[in-house]
Amino acid sequence: MKGRFIDGLLSACAALALWQAVVWLTGVPSFILPGPADVLTALINNRALIAENAGTTIIEVLIGLVLGAAIGGATALHLMISPMARRLLLPLMVFSQAIPIFALAPILTLWLGYGIASKIAVTVLMIFFPVVSTFYDGLRRTDPGLLDLARTMGATPTSTLLRLRLPAALPAFGSGLRLAAVYAPIGAVVGEWVGASKGLGYLMLLANGRAKVDLMFAALFVLAAFTVLLHAVTSVAARRMASWSKETDESGSA
Amino acid sequence: MHEAPPGLLLQGDFHHAGQPLFRDIHLGIEAGRWTCLVGPSGVGKSTLLRLIAGLDTGGEFSGSVAAGDEKPIAARVAYMAQTDLLAPWLDVYENVVLGARLRGETPDRARAERLIARVGLVPHRHKRPASLSGGMRQRAALARMLMEDRPIALLDEPFAALDARTRSEMQELAHETLEGRTVVLVTHDPAEAVRLADRIIIVSAAGLSHYDGLEGHPLRAADAPETLAMQSDLLRRLRGLPQ
Ligand SMILES: Nc1ncnc2c1ncn2[C@@H]1O[C@H](COP(=O)(O)OP(=O)(O)OP(=O)(O)O)[C@@H](O)[C@H]1O
Ligand SMILES: [Mg+2]
C-alpha cells in the first residue's frame, strides 16, 4: 500500500518534469500549453472559484455514485431472483451500452434541467452497467458446492440469496465500485459540458472559451486529483467489505 | 438424533445426455451402518450419492430412491464433500450454525459450542477458514454436519485431500461422532474403506458388487495384519485380479 503510494508519487513527479521539459524545449506560448508552474499559479489565484465549482461536481459525483451503486446493486439482485427480469432486462442493458453517454446527456438535461439532477442522472447511467454486470456476475458464480450444501440444509431461496450468494459476490461488487469511482466523475463532467452554470466541467469549458488555458488545466488537475482520491477511498471500502477475500488484496488498485 | 436412521434403496437407470451410466442398478444401504462405495474414477459414485441427496446430477434418472420407513429422504440427509465447503467470510462458529441461519432458525448456541469442542476447534472458533489448516477445515465441516443432526450422512471423499496422519484422525473422529447413523462414504482409498465399513460395495462399469471379504467391526486398526490383508484383497478385487 505504502509502496504503491510512493510509486504513484514518483510517476507523478516524472510526468511533471517531462511536461516542464516539453514546455521549455518547444518554447510554446503559455496560452497554448502552460507549464506546471503556470498551472499552480492559476490554481492559487483562482482557488475560491475552483473550490466552489469543485464542490458542485463533488456533490454530483458522490450522490451519483451512491445512487448508482444502490440502483445497480438492487438490479443485480433482482436479475438473480427473477427469470423474467433476466429475459427482459439483460438484452436491454447490453443495448443501452451501445448508446454513447454523450448522446444521452442533452436529452437528460432537457428533461431534468440545468441543475445537478441531470448531472447525477448522467453519472448514474455511466456507472450503472459496470456495477450491475460485475455484481450480477459475482452473484452467479457462487461456489456450486456451497449451494448444494445449502439445499441439503433446507435453505430458503431468500436466505440462500442473502446469506450465501450476496456475501460471496461482495468482492465482485467491490471491483464494480472501484470501476464506478473512476467513471462517475466522467459522467458528472459530461453532464456539465452539455449545460450547466456550475461545476468543474462548466469551469473548464468557460476557461477554454476565454483562452484561459492555465485555469482550464488547474480545474482539470483538481478533477483528476479528486478522481484518484475517490478511487483510493472506494478501494479501501471495497476491501473492508470483503476482507476475507484474497482477490481484493491482490487486485487492490485495479 | 431424534429418530431411528433408515435404510435406503436406490433402483433404476441413469443417463448422461443419452449415454447410460448405470442400468437397472440396485443399491441397498443398511440402516445405522457405514456403507462404503469404492470404484474407479468416473464410474458414477458421486452421482449415486447426489441422487440419494436429491441434488442436481445433470443427467436423467428413471427409478426410485426410497427410505426403509417410506418417509422422504432429502430432509434427513447431511452432506460432506472433498472440499470443506466452508463459507470463507464466516468464522468457524458461524459456519457450524450456517444450516440454522439458512433455514431462518435461531441456532442452538450451546450445542454448537459443544460440537466445536468435540472436534477440537475451541481455540479457533473465531477464525475464518483461510487461517485454518486443511485438517481443521474438515473438522469444522464435520462439526457443521453433526450440528445438522441428520440420521443419514452422505460423505463424498471427505478425507481425500488430507495428509495420512490427519486423515486417520478424521476417520476416527467421524466414526465416533457418526455412530448409529446411516452413513454412505465414497472413497478411492481401500485402506479407508476397510477401516471404516460395515459393508463395502464395489462400483464398476458392469454394475455393483458386494465385497464379501470384510471381517470384524469398525473401527478396524489400520495397522493390524487382518486389516492389511483385507486391504490388499480389496485392492486386488478392484483391479480385477484373481484372489
Ligand atoms: N453434467 C454432466 N454431463 C455429462 N456427463 C457427466 C456430467 N457430470 C458427470 N458426468 C459423467 O458422469 C460420470 C460419473 O461421474 P461421477 O462424478 O459420479 O463419478 P465418480 O465415480 O464420483 O468419479 P470420481 O471418483 O472421479 O469422483 C463421469 O464419467 C462423468 O464424466
Ligand atoms: Mg466423485
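None of the figures in this text is laboratory data; all of them are computed from the coordinates on show. All figures in this text were calculated on a predicted structure; none of them were measured in a lab. Ideal geometry is used to build each Cβ from the backbone, glycine not excepted, and the neighbour counts take in all protein chains shown.
Evaluated at q = 0.09 Å⁻¹, a Debye calculation over the C-alpha positions of chain B (equal weights, vacuum) places log10 I(q)/I(0) at -0.39. Among A:229-240, A:79-90, the peptide with the highest mean count of other Cβ atoms within 10 Å heads the list, and the full ranking is A:229-240, A:79-90.
The modelled label-to-label distance between residue A:137 and residue A:85, using points 7 Å beyond Cα along the C-beta direction, is 2.0 nm.
Under 10 Å from the Cβ of residue B:188, count the other residues' Cβ atoms, weight Lys and Arg +1, Asp and Glu -1, and hand me the total. Here the count lands on -2.
For segment A:191-196, 3J(HN,Hα) computed residue by residue from phi via the Karplus equation (6.51, -1.76, 1.60; θ = phi - 60°) reads x, 6, 4, 5, x, 7 Hz, glycine and proline entered as x. Between the beta carbons of residue A:240 and residue A:102, assuming R0 = 41 Å, the FRET efficiency works out to 0.75 to the nearest 0.05. When shorter helices are ignored and each DSSP H run of at least 4 residues is given -39500 (n - 2.57), the per-residue value for chain A at 222 nm works out to -27500 deg cm²/dmol. The angle between the Cα long axis of helix A:200-209 and the longest principal axis of the Cα atoms of chain A comes to about 30 degrees, rounded to the nearest 10. Calculated mean residue ellipticity, 222 nm, chain B: -9500 deg cm²/dmol, from DSSP H runs (n ≥ 4) at -39500 (n - 2.57) each, averaged per residue and rounded to 500. With the Kirkwood sum run over all distinct C-alpha pairs, segment A:151-254 has a hydrodynamic radius of 16.3 Å. Take each residue of peptide B:97-108, count the partner chain Cβ atoms within 10 Å of its Cβ, and average: the result is 4. Highest-first packing order for the peptide set A:152-160, A:125-133, B:161-169, A:97-105 is A:125-133, A:152-160, B:161-169, A:97-105, based on the mean count of other beta carbon atoms within 10 Å.
Between residue B:172 and residue B:223, take the C-beta separation as r, use R0 = 22 Å, and let me know the FRET efficiency to the nearest 0.05.
Numbers: r = 13 Å, r/R0 = 0.61.
Between residue B:172 and residue B:223 the formula returns 0.95.
For the protein assembly as shown, list log₁₀ I(q)/I(0) at each q in 0.07 Å⁻¹, using the Debye formula over Cα point scatterers of equal strength and ignoring solvent, two decimals each. Result of the Debye calculation: -0.57.
Computed extension gain for residue A:49 through residue A:92, at 0.36 nm per residue and net of the alpha carbon distance, reaches 11.3 nm. Neighbour counts of other Cβ atoms within 10 Å put A:190, B:96 in the fewest-to-most order A:190, B:96.
For the peptides A:45-55, A:141-151, residues were scored by their other Cβ atoms within 10 Å and the scores averaged per peptide; the highest-first order is A:141-151, A:45-55. Inter-chain Cβ neighbour count for A:151-162, averaged per residue, equals 6 (cutoff 10 Å, partner chain atoms only). Using only Cα atoms, tell me the angle between helix A:116-140 and the longest principal axis of chain A; keep it within 0 to 90° and round to the nearest 10. Helix A:116-140 sits at roughly 40 degrees to that axis. Peptide B:46-56 is shielded by partner chain Cβ atoms: per residue, an average of 2 of them sit within 10 Å of its Cβ.
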